[in-house]
Amino acid sequence: MARLGKRGDFALPPIGRGNPDSLAGQLLVAMPGMPDARFAETVICLCAHGPEGAMGLVLNKPIDDLSFDDLVKQLDLAPTPPARRIRLLAGGPVEGSRGFVLHSGEWETEGTLPVAEWLSMTASVEVLKEVASGRGPRQAVLALGYAGWGPGQLESELQGNAWLTVPADEALLFGDAEARTGRHATHRAWRAALARLRIDPLLLSSAAGRA
């Protein structure tokens, strides 16, 4: 069963706050030579980054065997069926039953963590209650699980050309819902992120430098 916390019960360590070198709010786009098969063709939004490590959510792996309606029933939220729905994503290999809502920054509740000026993350069930009722943030996705890096690990992967970095925007994060579902959704979203850098993945070498 998917699990989200009560109001304010989840908090990231102070990773990257006030750090001008933080990549929080940036996207990581996997290079074609990504050595970890779990992250092949992934696009990850970094939610926190600093000397203590990094945490992010995979944006382009839709969950096909669980719907938002199913989740609302599991969590005993009202109304059923919900007045509004958001996409469900496999956010990463860590704590796969834990839910994290990445959303536009105009809405917040206790425990909401700012990622960028226009982007936030909430891990409490309050945001799902609001969405199910037809309210809540203007844009949102729900990720189950997350990707995590220890101190210096992400920096090492960037130096090893495992990732490219792309500035995030609402189109890349929340874009066309229909285009982000189905058999080839992961590949389409990956190519769209690379297109922001005007890169053709067929011409991209795993030995290329960081963008």
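Which one is nearest to residue 117 (Cα to Cα), of the residues in the range 84-106 that are among the β-branched types (Val, Ile, Thr) and touching a Phe, Trp or Tyr at 6+ places or on another chain (Cβ under 7 Å)?
Step by step, filter the range 84-106, then rank; the result is 86.
Got a sec? Which of 119, 172, 154, 142 is modelled with pLDDT under 95 and of a type in the set (A, V, I, L, M, F, W, C)?
Only one candidate passes the filter, namely 172.
Cβ-Cβ under 6 Å, sequence separation 6+ or interchain: first residue in the range 27-45 and in a helix (DSSP H, G or I) and at pLDDT 90 or above, partner surrounded by fewer than 18 Cβ atoms within 10 Å (Cβ to Cβ) and not aromatic (Phe, Trp, Tyr). Which pairs?
Matching pairs, first to second residue: 38/93.
Working only within the range 50-83, note down all residues that are touching a residue at least 40 places away in the same chain (Cβ under 8 Å) and under 20 Å from residue 22 (Cα atoms).
Listed by number, the residues that qualify are 51, 52, 53, 54, 55, 56, 57, 58, 59.
Would you check which residues across the range 175-211 are at pLDDT below 70, over 17 Å from residue 89 (Cα atoms), in a loop (DSSP other than H, G, I, E, B) and hydrophobic (A, V, I, L, M, F, W, C) and list them?
204, 207, 208, 211
Matching residues to (1) without any contact (Cβ under 8 Å) to a residue 24 or more places away in the chain; (2) under 24 Å from residue 42 (Cα atoms); (3) part of a strand (DSSP E or B):
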residue	(1), (2), (3)
95	no, yes, yes
108	yes, no, no
121	no, yes, yes
141	no, yes, yes
148	no, yes, yes
161	no, yes, no
164	no, yes, yes
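The values are calculated or read from the model by the stated rules, or taken from the named source; none is laboratory data. Keep in mind that what you see is a predicted model, and the values were worked out from it rather than measured. In this analysis, Cβ positions are derived from the backbone assuming ideal geometry, glycine residues included, and neighbour counts consider all displayed protein chains.
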